[in-house]
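Would you mind keeping the following structure in view while I ask a few things?
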Amino acid sequence: MQMDKKLVIPGDFLSDDVKLADEGTYIEDGKVFSSVFGIASLKNHIKVVPLSGKYIPRQGDLIIGIITEVSFSNWIVDIRSPYEGLLHISEFPRRIDNSEMSKHLGVGDSIMTLVKDVDPSMKVELTLNDQRLRQIKDGQVIEVTPSKVPRLIGRSGSMIALLKNETNCNIFIGQNGRVWITGKDKNLDLAARTIQKIEKESHIPGLTDRIVKFLKEEKGMLFKEPVKKKEEKGSAKKQEQEPEKEPVQEEIADEEAVKEDVGEPENMEEKKSGGILDELLDK
Amino acid sequence: MVKPEKLIENGIRLDGRKPDELRPIKIKVGILNRADGSCYFEFGGNKVIAAVYGPREVHPRHMQKSTSAVVRYRYNMASFSVEERKRPGPDRRSIEVSKVSREALEPVIFQEYFPRSAIDIFVEVLQADAGTRTAGINAASIALADAGIPMKSLVSACAVGKVDDTLVLDLNKDEDNYGQADMPIAMTPDGKITLLQMDGHLTREEFKEGLEMAKKGCLAISELQRSALMEKYSTLIEGEVNE
């Protein structure tokens, strides 16, 4: 970790340059102070990433919600925030009747959804009217601290790409800290454990290296296929070295390569959805 | 206990402290799994736990404010926290302490960041030994930071008082019971006072001097608060050494 990152508490002095102040800071008497307990980075913009905290919805966020109530023309959705999400019937991809709402989405169902609008009083409007969005019917949803989502994705998607490659799972990370994983049971478990490790250790430098090592060790125990392991490791390394260069295409290519190696016939639809998810994440 | 003849002898107090010395402090951050932020705070014989939940939905609904968060503070003494069993539940005193403690913390919380939500602070006194409200405020301010709630700064609190015509910092139970004055003060590290109460009598000069003593005490506490928070993520520093 570079020297320009440090642990700060609320009220710590950060800089004299007011113009650089970003999230997690406040300005008083022409000086910038930290407003949260977290990691401050002073490069380019001065911002503090909190170590904990609730998800605050913002327009354009892709999140994972759980239906808690079906009302006359809205689904009320738990989005892991102090505020509930409202999904209006007109935001459902198809025209449906009021009486049929709970047939399509019932209480307890999980959805990938997009924050369409947030007004100043924090009324959160959601939408499903986007081809990228769908109901979550298989796999597993786990939860992480929302402020750690950027670390889980990595610089331009490097961490998530590594995770997908190594575990052979499809992973979608909602901005609200819910993570949807689909894949085979064993892989799913490994992916979940790795994500928990990332969450726990995200503030300690050298995260990527440790995760690579962790995955290698864990996989050594799970499968005994040294050839496959080596190749996968190679591709992961390559990715790490050049994380800035369009990880989307590279990653898809890698995923396909891996699949060829293992010789696992997987249905095309899932693969496609993976590609779409990646594009979303890199936006 | 009967009133001791002298509370200060040769400049040394009953418990062996100098007049401007604080009692030993022990802090642990993040002790409760299900709270968003929590803190255990030991202040001499005081033992308190603070838990922070939120920002979260406001119940009952009519309490919510449309432009900012509501801060709720509940100070509660366990029935076993004092020598004679205390009748459990809120009483006149704990309602007052809750109110002034809430008002001691509200000025530093950026409430306008979370409209229509509630930030709930619970302070449980497990063992009381004079100065529980200051211990509670110290603990609550750490728990708020631990919960990731945006604040201007931490708040630190301690008391000054007068016993045997001498000003003393951070009174203990006997000094509180048999002393002449007790003045709890809460402030931010840059000296903004958010709570000041006084029980007893002080002259104008004594008040000024006492305020200065309390300032020093609060500053010392705020350093301890900082290191307690840092300690929770101390692996960060170790990691930097390793790499």
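Roughly how many debye, to the nearest 20, is the charge dipole of chain B about its Cα centre, given +1 on each Lys and Arg Cβ, -1 on each Asp and Glu Cβ, and no other charges? Intermediate results must be reported in sequence, preceding the final value.
Values: 34 positive and 37 negative charges, 200 e Å.
Dipole magnitude for chain B comes out near 960 debye.
For B:GLU112 and B:GLU212 in the same chain, what is the full-extension length gain: residue separation times 0.36 nm, less their Cα-Cα distance, in nm?
Working: separation 100, 0.36 × 100 = 36.00 nm, distance 3.26 nm.
This chain segment gains 32.7 nm when fully extended.
Next up: Using unit Cβ charges (K, R positive; D, E negative) and no other charged atoms, how large, in debye to the nearest 20, is the dipole of the protein assembly as shown about its Cα centre?
Numbers: 77 positive and 88 negative charges, 147 e Å.
It works out to roughly 700 debye.
Which trypsin sites (Lys or Arg not before Pro) does the stretch A:126-187 hold that lie in a coil by DSSP with at most 10 other beta carbons within 10 Å? Display every interim value, and only then the final one.
Values: sites: A:ARG132, A:ARG134, A:LYS137, A:LYS148, A:ARG151, A:ARG155, A:LYS164, A:ARG178, A:LYS184, A:LYS186; in loops: A:ARG132, A:ARG134, A:LYS137, A:LYS184.
Loop-located and lightly packed - A:LYS137.
Then there's this: If contacts are Cα pairs under 8 angstrom and at least 6 residues apart, what is the relative contact order of chain B in percent?
Numbers: 508 pairs, mean separation 49.6, N = 243.
After rounding, I find 20 percent.
Follow-up question, since we're still on this one. Given a 10 angstrom Cα cut-off, can you work out which residue in B:GLY191, B:GLY44, B:GLY217 is the most mobile in a GNM of chain B?
Result for chain B, Cα springs under 10 Å: B:GLY191 fluctuates most.
Additional query: Can you give the charge dipole size of the stretch A:62-136 about its Cα centre, rounded to the nearest 20 debye, using +1 on the beta carbon of Lys and Arg and -1 on the beta carbon of Asp and Glu? Intermediate results must be reported in sequence, preceding the final value.
Details: 8 positive and 11 negative charges, 50 e Å.
Here the size comes out at about 240 debye.
Please report A:TRP75, A:TRP180 as a ranked list, fewest other C-beta atoms within 10 angstrom at the top and most at the bottom.
Fewest-to-most ranking of A:TRP75, A:TRP180: A:TRP180, A:TRP75.
With the cut-off at 22 Å, tell me which of the pairs A:LYS200/B:LYS232; A:LYS186/A:LYS219; B:LYS162/B:LYS215; A:LYS19/A:LYS54 have Cα atoms farther apart than that. The partial results should precede the final answer.
Numbers: A:LYS200/B:LYS232 12 Å; A:LYS186/A:LYS219 10 Å; B:LYS162/B:LYS215 16 Å; A:LYS19/A:LYS54 27 Å.
Among A:LYS200/B:LYS232; A:LYS186/A:LYS219; B:LYS162/B:LYS215; A:LYS19/A:LYS54, the Cα-Cα distance tops 22 Å for A:LYS19/A:LYS54.
I've got another one for you. Given the Cα-Cα distance of A:ASN129 and A:GLU217 and 0.36 nm per residue of separation, how much length would full extension add, in nm? Working shown, then result.
Values: separation 88, 0.36 × 88 = 31.68 nm, distance 4.21 nm.
Between A:ASN129 and A:GLU217, full extension yields an extra 27.5 nm.
Using +1 at the Cβ of each Lys and Arg and -1 at the Cβ of each Asp and Glu in the protein assembly as shown, identify which of A:PRO10, B:PRO4, A:LEU188 lies farthest towards the dipole's positive end.
My answer, from the dipole projection, is B:PRO4.
Over 25 Å between Cα atoms, which of A:LYS103/A:LYS137; B:LYS28/B:LYS65; B:LYS3/B:LYS28; A:LYS148/B:LYS152 qualify? Working shown, then result.
Numbers: A:LYS103/A:LYS137 14 Å; B:LYS28/B:LYS65 33 Å; B:LYS3/B:LYS28 35 Å; A:LYS148/B:LYS152 23 Å.
Those over the limit are B:LYS28/B:LYS65; B:LYS3/B:LYS28.
Want the number for A:ASN98 to A:LYS200: 0.36 nm per residue separation, take away the alpha-carbon distance, what's left? Please report the intermediate quantities before stating the final value.
Numbers: separation 102, 0.36 × 102 = 36.72 nm, distance 4.37 nm.
Roughly 32.3 nm would be gained on extension.
Further, regarding this structure: Assuming R0 = 25 Å, can you tell me the calculated FRET efficiency for the pair A:GLN59 and A:SER90, based on Cβ-Cβ distance, to the nearest 0.05?
0.90
Net charge within 13 Å of B:ALA228 by Cβ-Cβ distance, Lys/Arg positive one each and Asp/Glu negative one each, not counting B:ALA228 itself? All intermediate terms of the calculation are to be shown ahead of the outcome.
Numbers: positive: B:LYS26, B:LYS28, B:ARG226, B:LYS232; negative: B:GLU42, B:ASP146, B:GLU223, B:GLU231.
The answer is 0.
Along the positive direction of the dipole of the protein assembly as shown (beta-carbon charges: Lys, Arg +1; Asp, Glu -1; about the Cα centre), which of B:GLY16, A:LEU20, A:LEU128 reaches farthest?
Of the candidates, B:GLY16 comes out farthest on the positive side.
Then there's this: Taking only Cα atoms, what is the 0 to 90° angle, nearest 10, from helix B:92-105's long axis to the longest principal axis of chain B?
For helix B:92-105, the angle is close to 60 degrees.
For q = 0.08, 0.11, 0.13 Å⁻¹, what log10 I(q)/I(0) does chain B give under the Debye formula with an equal point scatterer on each alpha carbon and no solvent?
-0.32, -0.59, -0.80
Let me ask something else about it. Compute the normalised compactness of the protein assembly as shown: alpha-carbon radius of gyration over 2.2 N^0.38 Å, N being the residue count. Present the calculation step by step, with values, prior to reporting the outcome.
Working: Rg = 27.3 Å, N = 526, 2.2 N^0.38 = 23.8 Å.
Taking N as the residue count of the protein assembly as shown, the ratio is 1.15.
In whole percent, what relative contact order does the stretch A:1-144 give with Cα contacts below 8 Å and a gap of six or more residues? Walk me through the numbers on the way to the answer.
Working: 296 pairs, mean separation 25.0, N = 144.
Dividing the mean separation by the residue count of the stretch A:1-144 yields 17 percent.
Values in this text are rule-based calculations from the coordinates and carry no lab data. Just so it is clear, the model here is predicted, and its values are computed rather than measured. Every residue, glycine as well, gets a Cβ built from its backbone with ideal geometry; the counts of neighbours run over all protein chains shown.
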